[in-house]
1. Quick one: which of 50-60, 76-86, 18-28 comes out on top by average Cβ neighbours within 10 Å, and what's the full order, highest first?
2. In square angstrom, what is the accessible area per residue of the chain with a 1.4 angstrom probe?
3. Which Rg and Dmax, in Å, describe the Cα atoms of region 39-92?
4. Over the chain, calculate the relative contact order: mean separation of alpha carbon pairs under 8 Å at least 6 apart, over the residue count, as a percent.
5. For region 26-79, which whole percent of the accessible surface, found with a 1.4 angstrom probe, sits on carbon and sulfur atoms?
6. Just subtract the alpha-carbon distance of ARG56 and SER19 from 0.36 nm times their residue separation and send over the number in nm, one decimal.
7. Near LYS34, which aspartates and glutamates are there with a Cα under 20 Å away, not counting those fewer than 8 places off in the same chain?
8. Can you give the Rg to Rh ratio of the chain, both from alpha-carbon atoms, with Rh computed by the Kirkwood formula?
Amino acid sequence: MRYRFRAVERFWTSFYRLSPADKESARSAWRIFKENPFDPRLEAHKIQRLSAFYGRTIYAVKIEGDLRSTFYLDGETVVSLTIGTHDIYKGT
């Protein structure tokens with residue numbers, strides 16, 4: 001399936017706050033993510049708490065160590081919500 005990609009403002013705010021090394025790791029993961037958000041190397045998984053909060057299925061991918069990014073699918077569009085440590089799973 002071919003996806004389109006969109007990131008909300010909160011994603012970009014959290015991305016720009018990352019360290020330079022984490023930004024580079026995120027860019028490397030993006031190369032895989034844009035081909036297939038569910039590529040096994042990214043270990044995509046559902047986040048129950050955020051799914052309940054948003055009323056839709058929210059997924060997270062592992063970038064490296066404790067660095068994660070969350071997203072959901074809206075038809076053929078992948079919407080990235082935020083990026084950061086496991087603290088992003090707390091919601092708002």
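1. Listed from highest to lowest mean packing, they are 76-86, 50-60, 18-28.
2. On the way: 5770 Å² over 92 residues.
So the chain comes to 63 Å² accessible per residue, rounded to a whole number.
3. Both quantities, over Cα of region 39-92: 10.5, 30 Å.
4. On the way: 137 pairs, mean separation 30.6, N = 92.
Computed value for the chain: 33 percent relative contact order.
5. 45
6. Working: separation 37, 0.36 × 37 = 13.32 nm, distance 3.02 nm.
Result for the pair: 10.3 nm of gain on full extension.
7. GLU9, ASP22, GLU24, GLU43, GLU64, ASP74, GLU76
8. Value, to two decimals: 0.92.
The values are calculated or read from the model by the stated rules, or taken from the named source; none is laboratory data. Predicted model, so just to flag it, every value in this text is computed and none were measured. Ideal geometry is used to build each Cβ from the backbone, glycine not excepted, and the neighbour counts take in all protein chains shown. Just so you know, the surface numbers come from the protein's heavy atoms only, side chains and all, with ligands and any DNA or RNA stripped out. Shrake-Rupley method; radii C 1.70, N 1.55, O 1.52, S 1.80 Å.
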